[in-house]
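The values are calculated or read from the model by the stated rules, or taken from the named source; none is laboratory data. As the structure is a prediction and not an experimental result, all values here were calculated from the model. Here Cβ is always computed from backbone atoms with ideal geometry, including for glycine, and neighbour counts include all displayed protein chains. Remember, those area values only see protein heavy atoms, side chains included, never the ligands or the DNA or RNA. Shrake-Rupley method; radii C 1.70, N 1.55, O 1.52, S 1.80 Å.
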Amino acid sequence: MAVVALTATAIGGCSSDAKPKAATATSTATATQTAVPTPPPVAALNPLTGLPATLTGPVVAVKIDDTAASRPSLGLEKADVIYIEEVEGGLTRMVAVFASAKPKVLAVRSIRSSDPELLGQYGRIVVVASGGGRPALQVLDRSTLHSVINDRGQVGFVRDHSRRAPYNLVSDLAKVSAAVKGDGVRNVGFTWAARDPRLVGATLAPTVATRVGSTRVSFVWDAKLASYVRTIDGRRLLTGSGDPVAKPNVLVQFCQVVADRNDHDVNGNPTMFTKSIGSGRVVLFRNNRRIEGKWSRPSLSAPTTFTDAAGRPLLFAPGGTFVALARPGAPV
(Lines give C-alpha, C1' and ligand atoms only; values in the text may rest on other atoms or scores of the structure.)
Protein backbone atom coordinates (compact mmCIF):
# COMPACT_ATOMS: atom_id res chain seq x y z
CA MET A 1 0.00 0.00 0.00
CA ALA A 2 2.89 2.35 0.75
CA VAL A 3 4.38 1.64 -2.66
CA VAL A 4 1.03 2.27 -4.37
CA ALA A 5 0.53 5.51 -2.43
CA LEU A 6 4.02 6.67 -3.33
CA THR A 7 3.44 5.85 -6.98
CA ALA A 8 0.11 7.73 -6.99
CA THR A 9 1.80 10.71 -5.36
CA ALA A 10 4.53 10.66 -7.95
CA ILE A 11 2.00 10.49 -10.79
CA GLY A 12 -0.05 13.31 -9.24
CA GLY A 13 3.10 15.38 -8.89
CA CYS A 14 3.96 14.89 -12.57
CA SER A 15 0.41 15.76 -13.55
CA SER A 16 0.38 18.95 -11.47
CA ASP A 17 3.75 20.00 -12.96
CA ALA A 18 2.42 19.60 -16.54
CA LYS A 19 -0.65 21.78 -16.08
CA PRO A 20 1.12 25.07 -15.24
CA LYS A 21 3.46 24.55 -18.22
CA ALA A 22 0.49 24.16 -20.55
CA ALA A 23 -1.16 27.23 -19.05
CA THR A 24 2.06 29.22 -19.39
CA ALA A 25 2.33 28.23 -23.05
CA THR A 26 -1.25 29.30 -23.68
CA SER A 27 -0.72 32.63 -21.92
CA THR A 28 2.42 33.26 -23.96
CA ALA A 29 0.58 32.52 -27.19
CA THR A 30 -2.25 34.82 -26.19
CA ALA A 31 0.18 37.56 -25.24
CA THR A 32 1.95 37.11 -28.58
CA GLN A 33 -1.34 37.39 -30.45
CA THR A 34 -2.50 40.53 -28.64
CA ALA A 35 0.91 42.20 -29.02
CA VAL A 36 0.49 42.53 -32.82
CA PRO A 37 -0.08 46.27 -33.48
CA THR A 38 -3.20 47.41 -35.30
CA PRO A 39 -2.28 49.05 -38.63
CA PRO A 40 -3.12 52.77 -38.80
CA PRO A 41 -6.21 53.74 -40.82
CA VAL A 42 -5.58 54.69 -44.43
CA ALA A 43 -6.47 58.32 -45.18
CA ALA A 44 -9.31 58.77 -47.65
CA LEU A 45 -8.53 60.00 -51.15
CA ASN A 46 -9.82 63.51 -51.69
CA PRO A 47 -11.69 63.51 -55.05
CA LEU A 48 -11.00 67.24 -55.40
CA THR A 49 -7.21 66.79 -55.32
CA GLY A 50 -6.47 63.10 -55.88
CA LEU A 51 -4.37 63.10 -52.69
CA PRO A 52 -4.87 61.27 -49.37
CA ALA A 53 -6.43 63.58 -46.79
CA THR A 54 -8.27 63.48 -43.50
CA LEU A 55 -11.56 65.04 -44.51
CA THR A 56 -13.87 66.39 -41.81
CA GLY A 57 -16.84 68.71 -41.91
CA PRO A 58 -18.61 70.07 -44.95
CA VAL A 59 -17.09 71.30 -48.18
CA VAL A 60 -17.03 75.11 -48.14
CA ALA A 61 -16.99 77.37 -51.21
CA VAL A 62 -16.06 81.03 -50.79
CA LYS A 63 -16.56 84.02 -53.10
CA ILE A 64 -13.23 85.88 -53.18
CA ASP A 65 -12.26 89.20 -54.71
CA ASP A 66 -9.92 89.15 -57.73
CA THR A 67 -8.77 92.75 -58.01
CA ALA A 68 -5.64 94.58 -56.88
CA ALA A 69 -7.51 96.30 -54.03
CA SER A 70 -7.89 93.01 -52.15
CA ARG A 71 -4.34 91.68 -52.53
CA PRO A 72 -2.64 89.98 -50.88
CA SER A 73 -5.41 87.50 -50.16
CA LEU A 74 -5.47 85.07 -47.23
CA GLY A 75 -5.96 81.30 -47.35
CA LEU A 76 -6.37 81.10 -51.12
CA GLU A 77 -3.33 78.86 -51.55
CA LYS A 78 -5.06 76.17 -49.43
CA ALA A 79 -8.11 75.82 -51.68
CA ASP A 80 -8.54 72.53 -53.53
CA VAL A 81 -10.23 74.05 -56.59
CA ILE A 82 -10.20 77.71 -57.66
CA TYR A 83 -12.70 78.90 -60.28
CA ILE A 84 -12.12 82.24 -62.02
CA GLU A 85 -15.38 83.66 -63.38
CA GLU A 86 -16.60 86.80 -65.13
CA VAL A 87 -18.78 89.23 -63.17
CA GLU A 88 -19.57 92.85 -64.20
CA GLY A 89 -17.69 95.27 -66.41
CA GLY A 90 -15.26 92.59 -67.64
CA LEU A 91 -13.90 92.00 -64.11
CA THR A 92 -13.41 88.61 -62.45
CA ARG A 93 -14.13 87.00 -59.09
CA MET A 94 -13.01 83.66 -57.71
CA VAL A 95 -14.94 80.79 -56.21
CA ALA A 96 -12.51 78.85 -54.01
CA VAL A 97 -13.56 75.37 -52.84
CA PHE A 98 -12.11 74.04 -49.57
CA ALA A 99 -12.20 70.43 -48.34
CA SER A 100 -8.61 69.56 -47.33
CA ALA A 101 -8.17 72.65 -45.13
CA LYS A 102 -10.42 75.24 -43.49
CA PRO A 103 -8.29 78.40 -43.12
CA LYS A 104 -9.18 82.04 -42.57
CA VAL A 105 -9.96 83.54 -45.99
CA LEU A 106 -9.84 87.13 -47.27
CA ALA A 107 -11.28 89.05 -49.13
CA VAL A 108 -14.80 87.62 -49.09
CA ARG A 109 -17.15 89.22 -51.64
CA SER A 110 -20.73 88.86 -52.86
CA ILE A 111 -22.57 85.98 -54.50
CA ARG A 112 -23.64 85.93 -58.16
CA SER A 113 -26.72 84.30 -59.67
CA SER A 114 -24.65 81.76 -61.64
CA ASP A 115 -22.80 80.46 -58.54
CA PRO A 116 -25.55 78.04 -57.39
CA GLU A 117 -25.48 76.43 -60.84
CA LEU A 118 -21.68 76.07 -60.79
CA LEU A 119 -21.66 74.63 -57.26
CA GLY A 120 -24.71 72.38 -57.64
CA GLN A 121 -22.43 69.52 -58.75
CA TYR A 122 -20.79 69.53 -55.29
CA GLY A 123 -24.05 68.68 -53.51
CA ARG A 124 -25.51 70.47 -50.47
CA ILE A 125 -22.27 72.22 -49.53
CA VAL A 126 -21.75 75.49 -47.64
CA VAL A 127 -21.30 78.75 -49.58
CA VAL A 128 -19.74 81.79 -47.90
CA ALA A 129 -20.24 85.33 -49.26
CA SER A 130 -20.40 88.90 -48.02
CA GLY A 131 -23.86 89.45 -49.49
CA GLY A 132 -25.30 89.92 -52.96
CA GLY A 133 -27.96 91.61 -55.02
CA ARG A 134 -31.53 90.64 -54.24
CA PRO A 135 -31.95 88.52 -57.42
CA ALA A 136 -28.72 86.60 -56.73
CA LEU A 137 -29.66 85.97 -53.08
CA GLN A 138 -33.11 84.76 -54.14
CA VAL A 139 -31.49 82.25 -56.51
CA LEU A 140 -29.17 81.13 -53.71
CA ASP A 141 -32.02 80.75 -51.23
CA ARG A 142 -33.98 78.58 -53.69
CA SER A 143 -30.97 76.30 -54.20
CA THR A 144 -29.93 73.32 -52.07
CA LEU A 145 -26.75 75.09 -50.93
CA HIS A 146 -26.27 76.16 -47.30
CA SER A 147 -25.48 79.88 -47.35
CA VAL A 148 -23.41 81.80 -44.81
CA ILE A 149 -23.82 85.53 -45.55
CA ASN A 150 -22.14 88.37 -43.66
CA ASP A 151 -24.97 90.83 -44.39
CA ARG A 152 -27.32 88.44 -42.57
CA GLY A 153 -25.15 88.43 -39.44
CA GLN A 154 -24.11 84.80 -39.79
CA VAL A 155 -21.15 82.96 -38.27
CA GLY A 156 -17.42 83.30 -38.82
CA PHE A 157 -16.94 86.84 -40.16
CA VAL A 158 -14.59 89.59 -38.98
CA ARG A 159 -13.22 92.80 -40.53
CA ASP A 160 -9.48 93.36 -40.95
CA HIS A 161 -9.33 97.08 -40.10
CA SER A 162 -5.81 97.41 -41.50
CA ARG A 163 -7.47 97.27 -44.94
CA ARG A 164 -10.24 99.33 -46.44
CA ALA A 165 -13.78 98.05 -46.94
CA PRO A 166 -15.19 96.22 -48.80
CA TYR A 167 -11.88 94.43 -49.38
CA ASN A 168 -11.28 93.51 -45.73
CA LEU A 169 -13.88 90.87 -44.90
CA VAL A 170 -12.42 87.67 -43.42
CA SER A 171 -14.23 84.35 -42.97
CA ASP A 172 -12.95 81.77 -40.47
CA LEU A 173 -13.81 78.54 -42.26
CA ALA A 174 -13.06 76.41 -39.19
CA LYS A 175 -15.85 78.23 -37.32
CA VAL A 176 -18.16 77.95 -40.31
CA SER A 177 -17.51 74.20 -40.61
CA ALA A 178 -18.18 73.65 -36.93
CA ALA A 179 -21.44 75.60 -36.96
CA VAL A 180 -23.07 74.74 -40.30
CA LYS A 181 -23.99 71.30 -41.55
CA GLY A 182 -23.40 70.47 -45.17
CA ASP A 183 -22.31 67.71 -47.51
CA GLY A 184 -18.83 66.31 -47.41
CA VAL A 185 -16.60 65.93 -50.42
CA ARG A 186 -17.69 63.99 -53.50
CA ASN A 187 -16.55 63.41 -57.07
CA VAL A 188 -17.32 66.33 -59.38
CA GLY A 189 -15.63 64.89 -62.46
CA PHE A 190 -11.86 65.11 -61.99
CA THR A 191 -9.93 61.94 -62.90
CA TRP A 192 -6.51 61.84 -61.22
CA ALA A 193 -3.29 60.17 -62.41
CA ALA A 194 0.35 60.92 -61.65
CA ARG A 195 1.27 59.87 -65.21
CA ASP A 196 -0.41 60.32 -68.56
CA PRO A 197 1.04 58.70 -71.72
CA ARG A 198 -0.49 61.50 -73.81
CA LEU A 199 1.97 63.97 -72.32
CA VAL A 200 4.86 62.53 -74.35
CA GLY A 201 3.57 63.94 -77.61
CA ALA A 202 1.74 66.95 -76.16
CA THR A 203 2.67 70.57 -76.87
CA LEU A 204 4.97 72.27 -74.36
CA ALA A 205 3.21 74.93 -72.26
CA PRO A 206 5.59 76.80 -69.92
CA THR A 207 3.04 79.63 -69.73
CA VAL A 208 -0.75 79.82 -69.91
CA ALA A 209 -2.59 82.97 -70.97
CA THR A 210 -6.31 83.39 -71.50
CA ARG A 211 -8.99 86.01 -70.91
CA VAL A 212 -12.03 85.88 -68.63
CA GLY A 213 -14.30 88.79 -69.47
CA SER A 214 -11.81 91.51 -70.34
CA THR A 215 -9.38 90.40 -67.62
CA ARG A 216 -6.15 88.71 -68.62
CA VAL A 217 -5.61 85.49 -66.63
CA SER A 218 -2.14 83.95 -66.76
CA PHE A 219 0.04 81.27 -65.18
CA VAL A 220 3.67 80.17 -65.37
CA TRP A 221 5.00 76.63 -64.89
CA ASP A 222 7.32 76.16 -61.89
CA ALA A 223 9.29 72.92 -62.19
CA LYS A 224 10.38 72.96 -58.53
CA LEU A 225 6.80 73.22 -57.34
CA ALA A 226 5.55 70.97 -60.17
CA SER A 227 2.71 73.47 -60.45
CA TYR A 228 1.41 76.43 -62.40
CA VAL A 229 1.68 79.68 -60.43
CA ARG A 230 -0.86 82.37 -61.18
CA THR A 231 0.70 85.64 -62.32
CA ILE A 232 -0.62 89.22 -62.48
CA ASP A 233 1.15 91.52 -64.96
CA GLY A 234 4.09 89.12 -65.05
CA ARG A 235 4.48 88.88 -61.26
CA ARG A 236 3.65 85.87 -59.13
CA LEU A 237 0.44 86.09 -57.14
CA LEU A 238 1.37 85.65 -53.47
CA THR A 239 -0.91 85.39 -50.46
CA GLY A 240 -0.47 87.14 -47.13
CA SER A 241 1.62 84.19 -45.92
CA GLY A 242 4.07 84.72 -48.78
CA ASP A 243 3.07 81.49 -50.50
CA PRO A 244 2.36 81.49 -54.24
CA VAL A 245 -1.13 80.63 -55.44
CA ALA A 246 -0.22 77.47 -57.37
CA LYS A 247 -1.84 74.25 -58.59
CA PRO A 248 -0.58 71.34 -60.72
CA ASN A 249 -3.42 71.87 -63.21
CA VAL A 250 -4.92 74.77 -65.14
CA LEU A 251 -8.16 74.00 -66.97
CA VAL A 252 -9.52 76.59 -69.38
CA GLN A 253 -13.21 75.74 -69.74
CA PHE A 254 -15.13 77.56 -72.47
CA CYS A 255 -18.71 78.36 -71.42
CA GLN A 256 -21.55 80.45 -72.75
CA VAL A 257 -21.72 83.74 -70.85
CA VAL A 258 -24.85 85.91 -70.99
CA ALA A 259 -25.95 89.12 -69.29
CA ASP A 260 -28.28 88.71 -66.30
CA ARG A 261 -30.46 91.81 -66.70
CA ASN A 262 -32.08 91.18 -63.30
CA ASP A 263 -28.86 92.02 -61.48
CA HIS A 264 -26.24 94.75 -61.90
CA ASP A 265 -23.47 96.53 -60.04
CA VAL A 266 -23.50 100.08 -58.60
CA ASN A 267 -22.41 101.46 -61.98
CA GLY A 268 -25.33 99.83 -63.78
CA ASN A 269 -23.25 97.09 -65.43
CA PRO A 270 -25.26 93.86 -65.71
CA THR A 271 -24.04 90.76 -63.93
CA MET A 272 -22.73 88.09 -66.27
CA PHE A 273 -24.16 84.57 -65.96
CA THR A 274 -21.70 81.78 -66.81
CA LYS A 275 -23.50 78.62 -67.97
CA SER A 276 -21.75 75.62 -66.43
CA ILE A 277 -24.46 73.16 -67.53
CA GLY A 278 -24.04 72.13 -71.16
CA SER A 279 -20.92 71.25 -73.12
CA GLY A 280 -17.95 72.83 -74.81
CA ARG A 281 -14.22 72.89 -75.32
CA VAL A 282 -11.53 72.64 -72.65
CA VAL A 283 -7.76 72.89 -72.65
CA LEU A 284 -5.91 71.15 -69.81
CA PHE A 285 -2.41 72.26 -68.81
CA ARG A 286 -0.37 69.93 -66.60
CA ASN A 287 3.29 68.91 -66.30
CA ASN A 288 4.31 71.79 -68.59
CA ARG A 289 2.13 70.34 -71.38
CA ARG A 290 -1.14 71.15 -73.13
CA ILE A 291 -3.98 68.72 -73.98
CA GLU A 292 -7.18 69.63 -75.86
CA GLY A 293 -10.52 68.18 -74.82
CA LYS A 294 -14.23 68.63 -74.18
CA TRP A 295 -16.49 69.10 -71.18
CA SER A 296 -20.07 68.01 -70.63
CA ARG A 297 -22.52 68.40 -67.75
CA PRO A 298 -26.15 67.39 -68.33
CA SER A 299 -27.84 68.66 -65.17
CA LEU A 300 -27.50 70.69 -61.97
CA SER A 301 -26.53 67.80 -59.70
CA ALA A 302 -24.41 65.94 -62.28
CA PRO A 303 -20.61 66.08 -62.23
CA THR A 304 -18.73 67.57 -65.18
CA THR A 305 -17.14 65.06 -67.55
CA PHE A 306 -13.79 65.98 -69.09
CA THR A 307 -12.56 63.98 -72.09
CA ASP A 308 -9.95 64.21 -74.83
CA ALA A 309 -10.68 64.26 -78.57
CA ALA A 310 -10.99 60.45 -78.58
CA GLY A 311 -13.52 60.45 -75.73
CA ARG A 312 -11.07 59.16 -73.10
CA PRO A 313 -11.01 60.85 -69.66
CA LEU A 314 -8.64 63.74 -69.24
CA LEU A 315 -6.18 62.92 -66.48
CA PHE A 316 -5.39 65.60 -63.90
CA ALA A 317 -2.13 65.69 -61.94
CA PRO A 318 -2.88 65.10 -58.23
CA GLY A 319 -2.86 68.27 -56.15
CA GLY A 320 -5.71 70.57 -57.18
CA THR A 321 -6.85 72.72 -60.09
CA PHE A 322 -7.41 76.23 -61.39
CA VAL A 323 -10.51 76.44 -63.62
CA ALA A 324 -10.75 79.56 -65.79
CA LEU A 325 -14.32 79.93 -67.10
CA ALA A 326 -13.74 81.70 -70.40
CA ARG A 327 -16.06 82.69 -73.23
CA PRO A 328 -15.89 80.69 -76.47
CA GLY A 329 -13.32 82.28 -78.73
CA ALA A 330 -11.18 83.63 -75.89
CA PRO A 331 -7.46 83.19 -76.60
CA VAL A 332 -5.58 80.41 -74.86
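If we keep just the residues of the stretch 303-315 that are farther than 16 Å from Ala202 by Cα and not hydroxyl-bearing (Ser, Thr, Tyr), which is least open to solvent (accessible area, probe 1.4 Å)?
Phe306
Quick grid of which residues meet (1) out of contact with any Gly (no Cβ under 9 Å at 6 or more places or on another chain); (2) modelled with pLDDT under 95; (3) on the phi > 0 side of the Ramachandran plot; (4) open to solvent by less than 30 Å² (accessible area, probe 1.4 Å):
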position	(1), (2), (3), (4)
Ala8	yes, yes, no, no
Ala25	yes, yes, no, no
Ala29	yes, yes, no, no
Pro58	no, no, no, yes
Gly89	no, yes, yes, no
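Search the stretch 261-282 for residues being more than 19 Å from Ala309 (Cβ to Cβ) and open to solvent by less than 20 Å² (accessible area, probe 1.4 Å), and hand back the single one that is nearest to the chain's Cα centre (by Cα).
The residue in question is Ser276.
Across the stretch 214-225, which residue is surrounded by the fewest Cβ atoms within 10 Å (Cβ to Cβ) among those that are within 24 Å of the chain's Cα centre (by Cα) and touching a residue at least 24 places away in the same chain (Cβ under 8 Å)?
My answer is Ala223.
Does the stretch 88-106 hold any residues that are touching a strand residue (DSSP E or B) at 6+ places or on another chain (Cβ under 8 Å) and farther than 21 Å from Ile125 by Cβ, and which are they?
Across the stretch 88-106, the qualifying residues are Glu88, Gly90, Leu91, Thr92.
Of the residues that make up the stretch 287-297, is at least one of a type outside the set (D, E, K, R), within 23 Å of Phe98 (Cα to Cα) and either touching a residue at least 24 places away in the same chain (Cβ under 8 Å) or surrounded by fewer than 21 Cβ atoms within 10 Å (Cβ to Cβ) (or both)?
Yes, some residue in the stretch 287-297 is of a type outside the set (D, E, K, R), within 23 Å of Phe98 (Cα to Cα) and either touching a residue at least 24 places away in the same chain (Cβ under 8 Å) or surrounded by fewer than 21 Cβ atoms within 10 Å (Cβ to Cβ) (or both).
Give the residue that is farthest from Ser114 (Cα to Cα), with candidates limited to residues of the stretch 271-300 that are among the charged types (D, E, K, R) and in a strand (DSSP E or B).
Arg289
Please name all residue pairs, on different chains or six or more residues apart, with Cβ atoms under 7 Å, provided the first residue is in the stretch 61-73 and is surrounded by fewer than 17 Cβ atoms within 10 Å (Cβ to Cβ) and the second residue is part of a helix (DSSP H, G or I) and among the charged types (D, E, K, R).
none
Condition test on Pro318, is it under 21 Å from Tyr228 (Cα atoms) and open to solvent by less than 60 Å² (accessible area, probe 1.4 Å)?
yes
Wholly within the stretch 92-171, which strands (runs of 3 or more DSSP E) include no fewer than the required count, namely at least 3 residues that are farther than 22 Å from Leu325 by Cα?
146-149, 157-159
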